[in-house]
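*Asks:* Below: one structure in C-alpha cells.
Please treat every number below as a calculation from the coordinates, not as lab data. The structure displayed is predicted, hence computed values, not measured ones. Glycine also receives a Cβ, built like all others from the backbone with ideal geometry; neighbour counts cover every protein chain displayed.
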Amino acid sequence: MRTTKLVMLIGLVTLVIGGNSLSAQELTVSNTKQPAASLAPEGAARLPFTNFVLTAGVESDVVIRGIVIRNTGSISNGAFTDILLIDQDGMVPTEAITIPAGESRIYSIAANMQSNLDAYAGEVGGLAITTVDASAPTHGSLPILGAQHTVNATLTIGSVMFKQGVFDPENSQEKRIGTTGYNFSSVTIVPAGESLWLKSIRWKQTGSAIPSDISNVVTVVQGIQYPTTQSWGYYTTIFPNEGLLTERGQHRDITIRGDIVSGSGRTIDFDIYSRTDIHLVGDTFGYGVIPPFGSDTDNDDDGMFRSTNYPYYDAHQVTILPPVGTISVIADPEIPAQNIAVGLVDQILGGFIVEVENEPITVSKIAMGINIFTQSGSSPAMEDVTSVKIVDENGVVLAGAVDSFNSEKYPTLIFTDHVTFPIGITKIRLLGKLSNNFGMNDMIKLSTIPSTYWSGVRGDVTGSVIVPTPNTIEKSSWMTAIKPVLDIYVSSNSLRDKAVAGASQFTFASYVFDATRSGEDIRITHIPSKLSFEGIESTDLSGCRLWDGTTSVTGNTVLHPSVATGENETFTFDGGGLIIPKGTSRTLELRCNTSSSAISGSVIWSIDESIIESNGIGAFGAVSYHVPDITITTTDEMAIILVQSGAYHVLNAMYPLYRMVQAGDTDVTLARFHFGASDVEDIRIHRIHLELGNPDLNSPSDLVNEEVTLWNGPVQIGVAKFVGADSDFAISQLVVPFTIKRDESVTITVKGDLNDQPAWYSQGPGSFLVINYDGERDNWQDGNYGIGLDSGATIEDNNLHDVHSAGVRIFRTVLYITANNTGGTLAPGADLYQFTVTNPSDRDASFQKFTFSAGVAGTIITGWTLYGDGVAFNSPTEPSGGRLELFGKEDSQARIVSANSAKSYVLKVNTVTDIPSDGAYVILSLLTDKSFPWRVDKMGTVEEIEEGFEDSNNIIWSPHSKDLSSPLEDSDWTNSYGMPGFPGPGINFGKDFWSRDGIRHYESDVAPRETGGDGRVTVADWIQVGRLVVGLDQIFTPEEFRKADCAPLRSKNGTLVKGDGTLTISDWVQTGLNAAGLDPRTLMGGSAGVFE
C-alpha cells in the first residue's frame, strides 16, 4: 500500500506520494482561497494551513510523486506531530494521486498539533508549498503560502475516549460463506470537553480476502447503515451533511458490517489503520480532535487499540469456512401426465428435481404420499402400488424397491436407503407397479413435503444437519392407469379410386393400428379382412399382403382370395406378430394384384366390427398378455373401380407465342406441348406424331435436314423427320421414352434448325412455320401411343383433334426494337420519344413507316419529325385522330438500319403553342401491329401492307430478302407483328409523358389539387385518390385523370400500362403502394378515360 511519509530536512517537510514516472504534457499549480489565520491549540487535528489547486494539461493524466513544504515564520517543526495532505473530500489520500487530463483538484496542507505546546506557545507561522514533483513539467507561482497560525498552549479543546464497541465479535471467528449481516469490527467513542462531529471513518481490510469475497459492506452507527466506498483495501464512509453529532459524555458505537459470499480459507480483518482515519471535529471550537493511542504493543488481531499506528485499532480476524450445503426438491415439470400400464413393473409414477449446492448431501429417509382417484366400478388400495424404486435420469437405482401400505396418515411410501446427492441437479424418477385392482382410467399421484418427509439430511463435508426446502407439498403429475387398448381405423385409399386390370400390388385400403391410448405395447398375430366385390370374381385378385411402407409384414402367408363377396380372408403377421408400441400407431396398406381380364367391376376391403365379439382378431398385451379393449372405426369406405387402363391427352403449352425468327438460326423452339395423364396409372410415352400447319405457308425445306428434335427438359428424347410422300407429317419413335405420373403432366419441347433464305430460295421469304401435334392420328400402329405401367396396356391419346402451336415467321433479317422513355420537357426541337432498332444480321433492313399514338392537351404542336441518327426520316407532319403516321422519305438514310449495327430514333417537333389550359403536355407511345398483314400470305408490297387493317400497318419494314435494297413495289415488305423487343405480339410499349413545365408528373400525384400535384407521392395523394374513386370529389382535367388512374401499373408480362381508363378501388390501393414506397414512382401516362 502506498503511504504518505513525513521527512524532516533542514526546515523542509517533503510529502512523498508513491507514483511511477509517466510521460505527460504539463501540470499547473495555482493558488486559491486560503484558511483564515487562527490559534493552533494543543491536540488539534487536521488544522488547515495552505490550500492549492493542481490542474493537468488536456493531453494526458499527471501523476503527483511528491510535494515539498517549508515552514515559515517562527513556528517550529516540533510543534507538529503529523503533516497531512487532505483532498477536497476531506480525506487523507491512501494511494498515488493522479490528476485526470484537463481536470483540476483542490488539496490542503494540514497539521496535527502536539498534545503539549508549552515550549512553542506564541510562535506564529505557516506551511508553504515550494515544489511539486510530478510526471509532467510543472508550472505555477511557487511558493504558495496559506494561513499564519499562532501556537496556543492554554486553550483546551475537546477530546475523545475510544474503546472496543459493544457489537465487536470480541474474538476471532470462523464464519461460513453465506453468512450475512456479520459485524466484523466495532468501536465506541465517548466525547469529552465538548460535543464532537463524526465526519468520516476509514476501515482497512488487512486480511487475505479479496473485495469480491465480501458484499454489502456498510458502516452502522446507532442502528443506521451508511454506505462505504472501497479503494485499495480501504472502506470509507463519509457521513452526510455536517456529520453525526455525539454529545459530550455520550457513547457512540461505530460498526462495520457485511456479507461473506466467497473466499473459503481466506481471512477478513477490518482494522482502523491510522488515528487520522477517524475524522472528528469539536462542536464548540471547531478544531479536529485526535484519538488517543492505546496501550497494546503487539499486532495479533486481539481487538485492542495499539500504542502506534498501522494498525491503530487491531480488530479481530474472521476465517472464511466453506458454506453449508442446501437441498431443494420440486416436482419435475418434464414428467407430464401420461398413461401407464396396469400389471407391469417399472411404470412411471412421478418425478422430482433435487438440486444440491455447496457440498454433497446424504438423505437417510425419503417418504412419499400417494393419492388415488378411482372410476366407477374399481377399488384400488394403497397396497396395490408395489415394487416402487427411485432411479436417477440414467436409470441407476438410488433407493427401493418398497411397497406402499395402507395408512390413515400421510405418507404411505417410505424409503430408508441412504441416498447421497452430488452437487448440482439430480432428476429422480419413481417407478413401480399397479396391481390389476386398478381399473381403466383410475389415476394416481405422488407427492412429498421435503422439509418434513426428507429426514436425516446432512452435509457430507460440513457434517451439518440440513433442512430441505420447500416446506410445502410438491406434487407430481397425475398418472392414468390404462389397460391394453387397440383402436383400428379402416379407410379405402383416398388418393386413388381406380385400379387397372393387370396392376401389381395396387393399394386397396389402409388399416391404422393405434395404441396411443394403450397402457402397454400391443402384439397382433392375425386379423380377418372382409372382401366385398361386384362385377368380378374374388379370384381376380391375387398376391394380397399387408405392407408397412416398403416392407411386407404378411409375406410368409400371401393370400389368393377365393371367397364369396362379404366373407373374410385372414392375414397372418410374420415373426410371431406385429408389435404396436404403446403411445404410437402403425399404418398398413392392403395391396393385391389384379387380373388382366378384370376390366370392370369394383372392390372393397374392410374390417368388420363383428370380429371383436367373436375374438377373431389375435391381439393381446405384449407383456401382460391381457386381451385389449378393441374398437374398429370405418371411415371413407370407398369402392375401388377396376378399369382396363389409364388415358392421356395433349394440350398446347401456350408458350412460346408467335414471333419472328432469323433464317439460319439453330436450336429454335418451335412448339411446346403438355402431356397429361389421368388419375389411373403412370403412362410411358413411346411415340409422338407431328404435322406441319398451313402447308401453303411453310414446307419441310424450311428445316435443316427436314427434321425437328423433341426434348424433355434438357434431354433430347427423339427426332421427327418430315420426309416421303406425306412429308407434311413426321413420326418420332422416342429414343428416350418419358413417363407421365398419374394425374400429372410433362412438357415436351419441339426444336429445329432453320435453313437460310437465299435470294433463290424456292419457298421465298416470310415462311410461317407451324409444328402441330397430330391428335387425329388414332391408329396406334403408326400414331401416338404409350404403355400403362400398371396395366401394361398400349394406350392411345384421347385427343379428337390436332393441337396447334403459335408458329414462327422466318425472315432473312430480324430486327430488335427497344424503347425506354422517362418523359421530360415539351419544347420545340427537344428530344421527345426515343427508341432504338438493332440489326444483328449481315444484311441491311429498311423501314417505310412508323406510327405513334399521340395525345396532346393544352397546346398546338406542328412539324412532327422522326430523326434516325440525326437524319430526318419523314417530312414534317401532324397527327390525326390521336395517330401520328410517319412515312419515310424515299432518299432518307434514316430508313435504313445497316447490317450489324443499331440506329437510334428520336421524335421532335418544330413549334409548340400553348393555349389556356390546366397544363400543356403530350403523351406518346410507339405502336406495334396487332396481327400479320391482311391479304398477305408471306410478304407484300408497301401498298398491300398499307391497305390492311389499321392495327396491321403501324410499322412497315423490309428484311431485304432478295436484293440489297427493296423498292416499295417489291413483295418484300411486312409489318411488326411478333417483332422482338415489344412486350409481346401485338403489345405496344407503355405511354410516356412530356410537359411544358418540365415537371415530372407521376402516377398517383394528385395532391395538392391547386398545383396539380407536388412531384411526390404521399399519404395525401392516397386520401385524394380515394375521394375521387368514391365520387366525393370530381375530376376536371385529363391530366388529373391520368394520374389517378394508376392501376394496373403493369400488365401480366411486366409491361408498364399505367391504368386501364377507369377509376376503381384498385387505383386507391395502387396509390397506397406508391406512397409507401412498395412500388416505385412512375411518370404519368396511360389513358385519359372519358377525356379522350
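*Asks:* Eigenvalues of the Cα gyration tensor times 5, then square-rooted: what semi-axes does that give for segment 946-1009, in whole angstrom, largest first?
*Replies:* Whole-Å semi-axes of the equivalent ellipsoid: 38, 13, 12.
*Asks:* Tell me which of Ser74, Leu54, Pro35 sits at the most positive position along the dipole axis of segment 13-172, charges placed on C-beta atoms (Lys, Arg +1; Asp, Glu -1).
*Replies:* Result: Ser74.
*Asks:* Could you put His560, His686 in order, starting from the residue whose Cβ has the fewest other Cβ atoms within 10 Å?
*Replies:* By the 10 Å Cβ count, ascending: His560, His686.
*Asks:* Mind checking which lysines have their Cα closer than 21 Å to the Cα of Lys938? Skip sequence neighbours fewer than 8 apart in that chain.
*Replies:* Reachable lysines: Lys849, Lys930, Lys962.
*Asks:* Can you compute 3J(HN,Hα) from phi for each residue in segment 1073-1082, using the Karplus curve 6.51 cos²θ - 1.76 cosθ + 1.60 with θ = phi - 60°, rounded to whole Hz and x for Gly and Pro?
*Replies:* In residue order, the calculated couplings are 5, 5, 5, 7, x, 6, 10, x, 5, 10 Hz.
*Asks:* Also: Give me a comma-separated list of calculated 3J(HN,Hα) values for segment 257-271, in order, Karplus coefficients 6.51, -1.76, 1.60 applied at θ = phi - 60°, integers in Hz, x for any Gly or Pro.
*Replies:* With coefficients 6.51, -1.76 and 1.60, one gets 10, x, 10, 9, 10, 6, x, 3, x, 8, 10, 10, 9, 8, 8 Hz.
*Asks:* Set Lys and Arg Cβ to +1 and Asp and Glu Cβ to -1, take the dipole of the chain about its Cα centre, and tell me which of Thr507, Ser597, Ala399 lies farthest positive.
*Replies:* The residue sitting farthest along the positive end of the dipole is Ala399.
*Asks:* Follow-up. Going Cα to Cα from Lys903, which aspartates and glutamates come in below 16 Å? Please leave out same-chain ones fewer than 8 positions away.
*Replies:* Asp831, Asp842, Asp844, Asp869
*Asks:* Tally the DSSP beta bridges in segment 160-321 and give the antiparallel ones as a percent, rounded to 5.
*Replies:* Bridges in segment 160-321 that DSSP calls antiparallel: roughly 90 percent.
*Asks:* Kindly provide the helix-only [θ] at 222 nm of the chain, computed as the sum of -39,500 (n - 2.57) over DSSP H runs of four or more divided by all residues, to the nearest 500 deg cm²/dmol?
*Replies:* So the calculated ellipticity at 222 nm is -1000 deg cm²/dmol.
*Asks:* Which distance in Å, rounded to a whole number, links the C-alpha centroids of segment 926-973 and segment 402-449?
*Replies:* Segment 926-973 and segment 402-449 have Cα centres spaced 98 Å from each other.
*Asks:* Starting from the Cα gyration tensor of segment 1000-1091, take the square roots of the eigenvalues, sort them a ≥ b ≥ c, and report rounded, prolate or oblate (rounded when a/c is under 1.5, otherwise prolate if a/b is larger than b/c, else oblate).
*Replies:* Note, shape of segment 1000-1091 comes out rounded.
*Asks:* Angle, helix 1019-1030 long axis vs. longest principal axis of the chain, Cα atoms, 0 to 90°, nearest 10?
*Replies:* Around 40 degrees separate the two axes.
*Asks:* Reachable lysines from Lys721, Cα under 23 Å, same-chain residues fewer than 8 places away excluded?
*Replies:* Lys751
*Asks:* Taking only the Cα atoms of segment 25-77, how large is their convex hull per residue, in Å³?
*Replies:* 123 Å³
*Asks:* Additional query: If you take the charge dipole of the chain about its Cα centre, with +1 on Lys and Arg Cβ and -1 on Asp and Glu Cβ, which of Ala147, Ser961, Ile524 is farthest toward its positive end?
*Replies:* Ala147
*Asks:* Okay, moving on. Assuming a ≥ b ≥ c are the square roots of the Cα gyration tensor eigenvalues, decide whether segment 259-322 counts as rounded (a/c under 1.5), prolate (otherwise, with a/b larger than b/c) or oblate.
*Replies:* Judged from the Cα gyration tensor, segment 259-322 comes out oblate (a/c at least 1.5, b/c at or above a/b).
*Asks:* Suppose a student asked you for the relative contact order of segment 816-992, using Cα pairs under 8 Å spaced at least 6 residues apart; what percent would you report?
*Replies:* Relative contact order of segment 816-992: 28 percent.
*Asks:* If packing is taken as the average number of other Cβ atoms within 10 Å across a peptide's residues, how do 387-396, 730-739 rank, most packed first?
*Replies:* Output ranking for 387-396, 730-739: 730-739, 387-396.
*Asks:* For Val345, what is the net charge nearby, where nearby means another residue's Cβ is under 13 Å from its Cβ and Lys, Arg count +1, Asp, Glu -1?
*Replies:* -1
*Asks:* Nearest 0.05, what FRET efficiency do Leu245 and Ser115 give at R0 = 22 Å with Cβ-Cβ as r?
*Replies:* 0.35
*Asks:* Moving on. Cβ under 13 Å from Ile522's Cβ, Ile522 left aside: what net charge do those residues give with Lys, Arg +1 and Asp, Glu -1?
*Replies:* 0
*Asks:* Tell me, rounded to the nearest percent, the portion of alpha carbon pairs in segment 804-852 spaced more than 14 Å apart.
*Replies:* When every Cα pair of segment 804-852 is considered, 68 percent fall beyond 14 Å.
*Asks:* Given an 8 Å cut-off on Cα distances and at least 6 residues of separation, report the relative contact order of the chain as a percent.
*Replies:* Answer for the chain is 6 percent.
*Asks:* Could you tell me the relative contact order of segment 5-151? Use alpha-carbon pairs under 8 Å, at least six residues apart, and round to a whole percent.
*Replies:* Relative contact order, segment 5-151: 36 percent.
*Asks:* Treating only the Cβ of Lys, Arg, Asp and Glu as charged (+1, +1, -1, -1), what charge dipole size does segment 362-412 show about its Cα centre? Round to the nearest 20 debye.
*Replies:* Here the size comes out at about 120 debye.
*Asks:* May I ask you to sort Leu27, Leu657 by Cβ crowding, counting other Cβ atoms within 10 Å and putting the fewest first?
*Replies:* Leu657, Leu27
*Asks:* Please report, to two decimal places, log10 I(q)/I(0) for segment 5-151 at q = 0.18, 0.19 Å⁻¹ as given by the Debye formula with identical point scatterers on the Cα atoms and no solvent.
*Replies:* -0.99, -1.09
*Asks:* Could you list, in their original order, any pairs among Lys433/Lys483; Lys991/Lys1058; Lys498/Lys741; Lys389/Lys475; Lys445/Lys582 whose Cα atoms are separated by more than 19 Å?
*Replies:* Exceeds cut-off: Lys445/Lys582.
*Asks:* Take the alpha carbon atoms of segment 566-585, find their center, do the same for segment 182-209, and report the distance between the two centers in whole angstrom.
*Replies:* Distance between centres, Cα-based: 88 Å.
*Asks:* I've got another one for you. Give the list, by residue number, of cysteines in the chain with no other Cys Cβ closer than 4.7 Å, or say none.
*Replies:* Cys1046
*Asks:* For semi-axes √(5λ) of the Cα gyration tensor in Å, the listed values are (i) 112, 59, 29; (ii) 71, 49, 25; (iii) 97, 65, 24; which was obtained by calculation from the structure presented?
*Replies:* Entry (iii).
*Asks:* Can you compute the charge dipole magnitude of the chain about its Cα centre, using +1 on each Lys and Arg Cβ and -1 on each Asp and Glu Cβ, nothing else charged? Give it in debye, rounded to the nearest 20.
*Replies:* 3420 debye
*Asks:* Nearest 0.05, what FRET efficiency do Tyr655 and Thr1064 give at R0 = 22 Å with Cβ-Cβ as r?
*Replies:* So, using R0 = 22 Å, E works out to roughly 0.15.
*Asks:* If you take the beta carbon distance between Asn216 and Thr570 as r and set R0 to 60 Å, what does 1/(1 + (r/R0)^6) give as a FRET efficiency, to the nearest 0.05?
*Replies:* The value I calculate is 0.15.
*Asks:* Hey, another quick one. For segment 239-269 and segment 323-381, what is the centre-to-centre distance using only Cα atoms, to the nearest Å?
*Replies:* The two parts, judged by their Cα centres, are 49 Å apart.
*Asks:* To the nearest 20 Debye, how big is the dipole of segment 235-382 about its Cα centre, given +1 on the beta carbon of each Lys and Arg and -1 on that of each Asp and Glu?
*Replies:* With only Lys, Arg, Asp and Glu charged at Cβ, the dipole is about 380 debye.
*Asks:* Here is a follow-up. Using a 10 Å cut-off around each Cβ, can you sort His674, His316 from fewest to most neighbouring Cβ atoms?
*Replies:* His674, His316
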